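Structure record follows, encoded as structure tokens.
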Amino acid sequence: MKKPFSSLVAIVLAIAAAGCTGYRTPPPAFHATLNQPYVLDSGDKIRVIVYDQPELTNTYSVDQAGYINFPLVGAVPARGATVKELEKRLADKLRQGYLRNPDVSAEVDQYRPIFIMGEVGAPGQYSYVPSMTVQKAVAVAGGYTPRANQESVDITRQINGKVITGRVPTSDPVLPGDTLYVRERLF
């Protein structure tokens, strides 16, 4: 006859051992995005300069549909494009009957926000800062709660149209649009 208590203890120990293994390595595409050019998406603000055209030079937001609304030419797709690709799209549109030889320059003025949830002092939406790590992001969100697992964090990131979640150490970089989830520690 099996003892139900010993079976329960074995299950609890197996769960605890699984939780103490550190972090699960995220898929290779997760870290590959760190070395690729920045891709625009909703929430980004882009500073566009059209030389010799001060009325067109301004900061434009990428809307929820992934477009920027640019004077003269209307909606220009920005989601999924790099800044260089957006410059070319704007120049091509302006060349179609508006300007003879437009010289367009663009840069990210403000990155889309990151979201921090779980065992932090003040969960919520925060501004992304270049070179931000998980540890710096947690500090911005009020630090860890006493129950927080401080070894690793789950990051959800959109890569090539797919949402991917990976468990990473706190020294890993954060990208604009990431959602960080600080888990509760088991013991």
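The values are calculated or read from the model by the stated rules, or taken from the named source; none is laboratory data. Remember, it's a predicted structure, so these values are computed and weren't measured experimentally. As a convention, Cβ positions derive from the backbone with ideal geometry for all residues, glycine included, and neighbour counts pool all protein chains shown.
Points worth noting:
Condition check ((1) within 17 Å of residue 34 (Cα to Cα); (2) among the small types (Gly, Ala, Ser); (3) modelled with pLDDT of 95 or more; (4) within 13 Å of the chain's Cα centre (by Cα)) across all residues:
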residue: 116; (1), (2), (3), (4): no, no, yes, yes
residue: 129; (1), (2), (3), (4): yes, no, no, yes
residue: 137; (1), (2), (3), (4): yes, yes, yes, yes
residue: 158; (1), (2), (3), (4): yes, no, no, yes
residue: 170; (1), (2), (3), (4): yes, no, no, no
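- Residue within the range 21-32 that is over 30 Å from residue 170 (Cα atoms), of a type in the set (Val, Ile, Thr) and without any contact (Cβ under 8 Å) to a residue 60 or more places away in the chain present: no
- In the range 155-187, the residues that are of a type in the set (S, T, N, Q) and touching a strand residue (DSSP E or B) at 6+ places or on another chain (Cβ under 9 Å): 156, 158, 165, 170, 171, 179
- Subset of the range 62-97 that is assigned to a loop (DSSP other than H, G, I, E, B) and in contact with a Ser or Thr (Cβ under 7 Å, 6 or more places away or on another chain) - its residue that is surrounded by the fewest Cβ atoms within 10 Å (Cβ to Cβ): 64
- The set of residues in the range 139-149 being part of a loop (DSSP other than H, G, I, E, B), in contact (Cβ under 8 Å) with a residue 12 or more places away in the chain and more than 17 Å from the chain's Cα centre (by Cα) consists of 142, 143, 145, 147, 149.
- Restricting the range 36-61 to residues that are farther than 24 Å from residue 126 by Cβ and among the polar types (S, T, N, Q), the residue that is surrounded by the most Cβ atoms within 10 Å (Cβ to Cβ) is 53.
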